[in-house]
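What follows is a single structure, written as structure tokens, with notes after it.
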Amino acid sequence: MSASEIFESASKSPLLKDPYVEKVWNLIQDKSLYEKSPDHLRSLRRSLLRECLDFFSRRSDYYPQLFERLGVSPRNAELEDLAKLAIPSDVLRGEGHKQFLIKDVDQGGENFMSSGTTGKEPVRVYRSPLDLAIMIIANTILFEHIYGDYLEPGRGIALFMAAPELRHRLNFVAFVHLTLENKRIPLLYGMNLVQSSQGGSAWQKLEPNKEALIKFLKSKEEPKLFFTAPAGVHLMSQRFETMNLINRIMYKLLTGAPPVNLGKGGVIVTGGGSKGYDLPKYDVIVEKARRYFTAKNKNGEDLPVPFMDVLGMTETLTALIAKFGAHGMIPTPLTEVFLLNPRTFEPLEEGSNEGVLGIFNPFVTSWFECFYPGDIMQVSPWDGYYGRQFHYVRRLTVEEGWDLQRACGGTLEELMRRK
Amino acid sequence: MRVNPNFVGTLDTVVRVLGDLEVQEISELGIQQLFSKAPDVQRKLSGLNVEDRIQVFEDMGKIWEEKLRKGQLNALKKVLSGSTGYSESLIEQELTLVRSVFNGESLRRSLEASFGNLEALLKFVEISKGEYKRYFPAGPVFIISSGNSLIPPLIPTTISLLTGNMTILRPSISNYHGVIEVYNTLRTMNSDNARLMSEGLAISYFTHESPSLRYLLTKAKVGVVNFWGGDPARVEVSKLVSENPHRPRLIVNGPLTGSVIIDEVSANETVADGLAKNVVLYDQQLCSSPTSAIFIGSIEKAKEFVNHMAASLNKYGSIYNAKLSESQIYLLQSARRIFQIKGSIVYSSNDPQNMWTVVLSKGKRVLDEVVSTVTGFNIYFRRRFIEIVVVDKWHDAPTFIRELPYCRAFTGVDKVQTVGLAVSDEIKHDLLEDLVNCGVYRIVPVADMYLRSPLEPYDGLNIPSSFTYIIYMRDRTLDFNV
């Protein structure tokens, strides 16, 4: 579906007649929320939580029973109750998401999946057209707020170091694609998905799309928006760094780079994990990249190329975005980001600043989107609208049990280990 | 970590390194040296009066008890707590139980349960007019023992020696130092009989790729291989043993588990306390540990029962601490939430030293769905966790026992070994008949599922019988004309 088709389909959703959905539909478009105080927004989110619980109680047989079992009352729920309601993302693997969808969920949406790099069945989440429309609007406003400027429709060019086929699979790619499409900003995909074979079995791999890369590098459009995994920009920087003089001259003649001039408003937006690479810390990646990528501010003055880092996952409709050197990860004003005590999985106590990340998106209309993906984050004060900023610490890894086995089957232990 | 073999005299050894594990093990040549003495050692051992054999272990138990009393085993407690993951208080209990394993009266009763007249271990005894039998060691016996606690390796090893077998014991890494310490007592005893027993025992760890292990299983003149454990090691060992031209007897004690059936009439505080104790002890790593339960009755009564259990779980859990890592807690908390999502009632503790979980599910086992989602929450991972399925009729209970081995949540377990039973007399008889047909090996009270009587067979078999063969002798012709 294109962005316009999504909006058209969303506008026909019967859910828009529901007062709660109508309310969140208006709220997600309200840019003034970004000017409100953290206290005001917290109060708004608490009221939204109660209305959201009520909405899902009305729209599903499953949720009222769940809320009752957990002792959560829609009428007087507090944000602390989210700790009880958050589900582990693992539940959403395979067909797991279906059980959470409301009755008569809007059809004609899209399914997004996690990359499946863990070797398990991927997390798969259905997004109705209305939710997709909310995704485009909410993420665009958040992106522009963090970016610090309005993205003029039809101006600039973007390169995404991903393959176009991933637009229909990965949430982050879809969000970038649809947002830019909605803004009529051309998006080039810097990778191709190619069939290959190894040991007789067919598999797919990503290869650079040189044509798209050269087109982006040579383009005079401004701003240039470069979306990539941290590994992508790091590998490019490394390549420039290790080029001999002849290669450098030839590359320069062919592409005009290095340096890669992103022009006025140019930005590098990173997202995703290490993609299997052993990467240096983010600030090292940024420091090195700034030797080979340049950008200017609105007035045409040189500035270190801005970096934004997106924390998005399949199961969240909207992302958290950090701006390097300015602040950590920030969600939309309506998103409740909370940390759980890693031991008790209850709300983090006063004075603690590190815990298991939980996310609640009250504007999602198809399911009660409150989950924890298994990441440890730190929280610290922030002087912006959200009042708090978040920093990624690490992912929780899970021992699968073999190493723990010492029961009757614990003999010949080394045979049982799978390291 | 380094492990050294333990034997009498001189045997060739070799050092193998496996990651951070350095293993000095008996080499192929060493095994040949050991086995060359086997016929003589077994002849001498089986020539000993049975009471004298038992006395050696009785004395050994007393020495062990004294060592424990004097605090000479305090360092071992720490070592075993580290290698097994059990709390020091549980290890202390384990060390105390060693004395009971070597109790003379228990050993005698165990042998009598298998052989009847113990004289038959020494000489031919008449079983009918002119017909005789004699039990003879089937060894040498090679025991690959389990690692779930210290006691299980001691039982087959001791019985093997008592029945006159040269015995090679390969303990698990987790209990290796404990096993060595126990039989070191035998090495230091100052009697001819103890020295003879000591000569008949060699203890060595073998890495799974060890040529010595391969030699032992495929070529050595071993009479019995007794393997305690599950797959894939069990399959490997079975394949290798089948290659051995000496056709050793393979006795496998596979991974088993325990289950509990309670009806609401019997669901009192005592039963709740007993179940809680068995859930906490050994963190459910014994083949008899209750890892699932069926409650026959109403959900309200089941809730009352769990409330009683909760108090006892807190009580026992505070005695036997168990600490989980951050990632283990993550897995556990996720599993608990999925149970709630699926409609089960979750009772739990977030005490970092005692994170127990009791789940009440109505009518069906929800654990399978949870394990399908959180695959790491498997039988090896789960500790201090039990799902109690509440059913209306007692007829529904045996199905859960019968189907358990085929459930995803119990992958790796062969079947239910022990059923802890607390039901009213009204249904007991019929339920017992059904349970017999489910293939279980033990049906015992809930309170002491973890304890074994000396008379009990092991997993449906008498171990002493497995380590011997019967020689039949007749000195008269039969009254039968062709």
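Before moving on, here are some points about what is shown:
- For the stretch B:257-448, the alpha carbon convex hull comes to 97 Å³ per residue, rounded to a whole number.
- Stokes-Einstein diffusion for the stretch A:1-124 at 20 °C, viscosity 1.002 mPa s, with a Kirkwood radius from C-alpha pairs, works out to 127 µm²/s.
- With Rh defined as the Kirkwood radius, the inverse of the mean 1/r over Cα pairs, the Rg/Rh of the stretch B:404-482 is 1.20.
- Taking only the C-alpha atoms of the stretch B:94-166, the Rg (one decimal) and the largest Cα-Cα distance, Dmax (whole number), read 14.6, 48 Å.
- Values of log10 I(q)/I(0) for the stretch B:1-64 across q = 0.22, 0.23 Å⁻¹ run -0.92, -0.94, by the Debye formula with one identical scatterer at each alpha carbon and no solvent.
- Projected over all directions and averaged, the alpha-carbon convex hull of the stretch B:434-479 occupies 6.4 nm².
- With bins 5 Å wide beginning at 0, the percent of Cα pairs of the stretch B:43-97 falling in each bin runs 4, 18, 21, 15, 12, 10, 10, 8, 1.
- Percentage, to the nearest whole number, of Cα pairs in chain B over 33 Å apart: 42 percent
- In terms of distances greater than 29 angstrom between alpha carbons, the cross-link table entries A:Lys252/A:Lys288; B:Lys78/B:Lys303; A:Lys17/A:Lys120; A:Lys98/B:Lys323; A:Lys183/A:Lys323 yield B:Lys78/B:Lys303; A:Lys17/A:Lys120; A:Lys98/B:Lys323.
- Using the rule -39500 (n - 2.57) for each DSSP H run of four or more residues, divided by the residues of chain B, the 222 nm mean residue ellipticity is -13000 deg cm²/dmol.
- C-alpha center-to-center spacing [the stretch B:8-68, the stretch A:1-30] in angstrom: 78 Å
- Charged-residue dipole, Cβ positions (Lys, Arg, Asp, Glu), the protein assembly as shown about Cα centre, Debye nearest 20: 2100 debye
- A DSSP coil position with no more than 12 other Cβ atoms inside 10 Å describes the following trypsin sites (Lys or Arg not before Pro) in the stretch B:102-135: B:Lys123, B:Lys129.
- Two-site label geometry, B:Ser238 and A:Arg184: point separation in nm, points 7 Å out along Cα→Cβ: 7.1 nm
- Among residues other than A:Glu5 with Cβ under 13 Å from its Cβ, the summed charge is -2 (Lys and Arg +1, Asp and Glu -1).
- Here is the tail figure for the stretch B:212-311: Cα pairs spaced more than 15 Å apart come to 69 percent of all pairs.
- Environment charge at A:Leu178 (Cβ cut-off 13 Å; Lys +1, Arg +1, Asp -1, Glu -1): 0
- Calculation over all alpha carbon pairs of the stretch B:320-386 in 10 angstrom steps from 0 returns a P(r) of 21, 58, 20, 1 percent.
- If R0 equals 51 Å, the separation of the Cβ atoms of A:Arg155 and A:Glu349 corresponds to a calculated FRET efficiency of about 0.60.
- Estimated 222 nm signal from helices in chain A, with DSSP H stretches of n ≥ 4 weighted -39500 (n - 2.57), rounded to 500: -9500 deg cm²/dmol
- Rg/Rg_ref, the stretch B:169-245, where Rg_ref = 2.2 N^0.38 Å and atoms are Cα: 1.27
- Binning the alpha carbon pair distances of the protein assembly as shown at 20 angstrom intervals from zero yields the distribution 13, 35, 29, 18, 5, 0, 0, expressed in whole percent.
- Volume per residue that the Cα convex hull of chain A spans, once the total is divided by residue count, Å³: 181 Å³
- Neighbouring Cβ atoms from other chains, within 10 Å of the Cβ of residues in A:89-96, number 4 on average.
- Percentage of interatomic Cα-Cα distances in the stretch A:70-109 larger than 12 Å: 70 percent
Bear in mind these aren't lab numbers, they're just calculated from the coordinates by the rules spelled out. This is a predicted model, so every value here is computed, not measured. Every residue, glycine among them, receives a Cβ derived from its backbone with ideal geometry; neighbour counts consider all protein chains shown.
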